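Okay, structure first, notes after.
The values are calculated or read from the model by the stated rules, or taken from the named source; none is laboratory data. Being a predicted model, the structure only gives us computed values, none of them experimental. Because the Cβ atoms are built from the backbone with ideal geometry, glycine has one as well, and the counts that use them run over all protein chains shown. These accessible areas exclude ligands, DNA and RNA; they are computed on the full protein's heavy atoms, side chains included. Shrake-Rupley method; radii C 1.70, N 1.55, O 1.52, S 1.80 Å.
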Amino acid sequence: MLRVGRSLHAPSHGVRFLSWLLPCITATLLVAACANAQGVNPPAPKSDSTGTHPPVVPPPAPATNPTTNPATNPISSPPRTVTTYVPVAMKQAKRASWSLHLHGGLFEPVDVNAPSPTLGMRLGRIVAPHLTGGFLTGWTFRRKNLEQPVPGIPGLKPGLVLARADGQLVPMMVFLQVNLTEKRFLVPIAGAAAGYEWFMLTANDYRTGQSAKATYANFAWEGWGGLGMRLDKTVRLDGELFYNGGSLERTVTDSSGNSWLEAIDLNGIGARVGLDIQF
């Protein structure tokens, strides 16, 4: 039987496999090197054992010029218009709630020939646009002298004061006043009051050196009317004519124990000028 023998110089199968594998590995390495040279992105990082990916750091923001950024440079930013809304109730002026009337003038009782100076005030609450109610008081001074002419002195005819009586009238009343208009420059006004009055009398007799004091009191009333001229929205100049009605009394007991009733008639008319101030 004829056998064909293997030559000693023929290559083995292992040598042939290595000769085929080495060119393939070399070609793969060359392809990978070319891909890295062309900027191919690297593969995504692998997660760790906990299954979470490492934090991704964002790229830094590009630097901006502060002179062109409106948020940091208010000069370059356009101006903003701010609109403020004011309630209608605040736009309207607050209406005055009180009225203070200060006045002065002359008062003359019916049975007295000479007038007496008077001062007074009224403080009232404005309860309606045309109506004011409140409290009034005042002070009227009256003086009467018993004189004797001095002979031998010409000119002004001076007199020798033998006795003097000073009286002070003080009312305490509540009142109501009506302003007939609130929109005109001239304002007609009318009012009435009722309450109590006191008349304090002091008498001195210089011939005997005796002095006496007495107080008379009773219910009284007062009425007035006039015309006011507006100086401002809250200030008015008033001119008034008024009438005071009252008979003030006191009880006197003489040395015998008898009681008597003394009365002073203080019914009279007067005129006064005053300022009405609202606030």
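The modelled label-to-label distance between residue 97 and residue 181, using points 7 Å beyond Cα along the C-beta direction, is 3.0 nm. Kirkwood analysis of segment 188-247, using all unique Cα-Cα pairs, places the hydrodynamic radius at 14.8 Å.
Electrostatic tally near residue 197: other residues with Cβ closer than 14 Å to its Cβ, Lys and Arg +1, Asp and Glu -1, net -1. Based on alpha-carbon atoms, the Kirkwood radius and the radius of gyration of segment 229-279 give Rg/Rh equal to 1.40. In this view, the solvent-accessible surface of residue 277, computed with a 1.4 Å probe and all protein chains in place, comes to about 60 Å². By its C-alpha gyration tensor, with a ≥ b ≥ c as the square roots of the eigenvalues, how is segment 125-264 shaped: rounded for a/c under 1.5, else prolate for a/b larger than b/c, else oblate? It is oblate, given that a/c is not under 1.5 and a/b is not larger than b/c. Under 16 Å from the Cα of residue 94, which aspartates and glutamates turn up, not counting those fewer than eight places away in the same chain? Within the straight-line limit of under 16 Å, residue 94 reaches these aspartates and glutamates: 182, 232. Within segment 90-162, none of the chymotrypsin sites (Phe, Trp or Tyr not before Pro) combine a DSSP coil assignment with at most 16 other C-beta atoms in a 10 angstrom radius. Loop-resident GluC sites (Glu not before Pro) (DSSP state other than H, G, I, E or B) in segment 153-256 with no more than 11 further Cβ atoms inside 10 Å of their Cβ: 182. The length gained on full extension between residue 262 and residue 162, counted as 0.36 nm times the residue separation minus their Cα-Cα distance, comes to 33.6 nm.
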